[in-house]
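For reference, the structure is listed below as structure tokens.
Derivation of every value follows stated rules applied to the coordinates shown; laboratory data play no part. Bear in mind that the values here come from a model prediction, so they are computed numbers and not experimental data. All Cβ positions, glycine included, derive from the backbone under ideal geometry; neighbour counts span all protein chains shown.
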Amino acid sequence: MLRRILIFFLLMPLFSISPAQDISFARTVIRDLTSPSMHGRGYVKNGDKKAAVYIRDKFDEFGLMHFGKDYFQHYSFPVNTLPGKITLKVGDKKLVPGEEYLIASSSPTLKGTYELVWLQDAEDSARAQELLSSSGHANRFVVSEMKRKELDKSNPYGSTGVINLVDSSENLWWHVSNGRDVNDYVIISMREQLINRESANISISVKNKYLDDHKARNVIAYVEGTREPDSFVVITAHYDHLGRMGKDTYFPGANDNASGTAMMLDLARYYSMKDNAPGISVAFIALSGEEVGLYGSGYYSDNPLFPLEDIRFLINLDMVGTGSAGITVVNGTVYKEAFQKLAEINEEQLLLKEVKVRGEACNSDHCPFYMKGVPSFFIYTRGDEYREYHNVKDREADLPLTEYEDLFRLMIEFIDNIDE
Ligand SMILES: [Zn+2]
């Protein structure tokens, strides 16, 4: 207890100067990572590689060490992309990609004008059966009530494509996790008010490019511990995002996960300073391929650069741009003692409104590590002040970073506690 109070007072002057600095550093990183030149940090135009180089340069600037000959760990995976110009018209009306409609990342190349078949209402289902068994729907688009998830798996109509209507209360969310394979049909998610039963046809142009061996990389650095260099605290954050859906639309991914990447880099910067030299080593792993299916963390945990057993604790940061309602800690019920400590520090220092416990969930990059026995938390912020997610509006300018400084401080105090 005494020691903690002492540390607290020692850090006081530092914290009274640095918060403003911390948030401006984070803002700059998030702005850079979400700029159009990074192409949404996906697979089109090697946006993810550009982000990797940016992170490497930061590690280098802070004078961090690397395990291999440089900071990169290379690997590859197959993924479908939609790099070309995408257009969609209902009748004569041209729609706005990203805002009014999305084309599933699993789509093939397609160009043409297609008649619509409506199978929207429950009363249609008998007719649907009839239609399905008779002529089929080749060269037509079916407007379907089927859930997107079901449609991703298969197209029961045998049509050229399917239109999935989204009402105004729902979000238009794009994913690349269903883009690992190319389907032989196109799925369009569309705002329902843009189309009706009088709409005779749609005209579409979309071009896919299947990358059977997309080169990706994790970016890894560390600060060596002064006392116990072979024990590690690890901070992970995925820097990749969804990239581009066509030439004119990209997904900035400010909250997901430029925010976590910024905090990871901020912690790297903090521990690289002489006065903050940690007793045990602190490693920073910027992961790729998360959006397509936790590929980067999967690859790293299968090919670790130092023994996984040397990881004392791992903290994965994914979407930390809010915080008005506090944070959630995945695996909090698994590592009870560590969770207790985290909650205690938070309470003592009056940081976040709530540190909420959650059980295990394989929903981010901590998971492959956890499956291999690495003690780990996945931390994300909560709050209704910002709700943009997997859409074209997840932008830096609107991201509040409500509790960024308090979470940053909580992380440092927690790491220092592991270090004792
Ligand atoms: Zn995501």
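Here r is the Cβ-Cβ distance between HIS175 and ASP302 and R0 is 25 Å; the resulting FRET efficiency, rounded to 0.05, is 0.55. For the chain, DSSP calls about 50 percent of its internal beta bridges antiparallel. Ranking HIS39, ALA52, GLY323 by how far each Cα lies toward the positive end of the dipole of the chain (charges on Cβ) leaves HIS39 at the top.
Helix by helix through the chain, keep the DSSP H runs that span 27 Å or more along the axis on Cα and average at least -0.5 on Kyte-Doolittle, and give those back in order. For the chain, where a helix must reach 27 Å along its axis and average at least -0.5, the hits are 2-34. Using Cα springs under 10 Å in a Gaussian network model of the chain, which residue among GLU100, GLU224, GLU291 shows the largest mean-square fluctuation? Result: GLU100 has the largest fluctuation of those listed. Residue separation of SER37 and LYS215 scaled by 0.36 nm, minus their Cα-Cα distance, works out to 62.2 nm of gained length.
Amide H to amide H, with H built 1.01 Å from N, THR236 comes under 5 Å of ILE285, ILE315, ASN316, LEU317, counting only residues 5 or more places away or on other chains. For ASP60 and SER154, what does the FRET efficiency come to when R0 = 56 Å and r is the distance between their Cβ atoms, rounded to the nearest 0.05? Efficiency computed from Cβ-Cβ geometry: 0.75. Residue separation of SER203 and GLU228 scaled by 0.36 nm, minus their Cα-Cα distance, works out to 2.6 nm of gained length.
Classify the chain as rounded, prolate or oblate from the Cα gyration tensor: take a ≥ b ≥ c as the square roots of its eigenvalues, call it rounded if a/c is under 1.5, otherwise prolate when a/b beats b/c and oblate if not. Because a/c hits 1.5 or more and a/b exceeds b/c, the chain counts as prolate.
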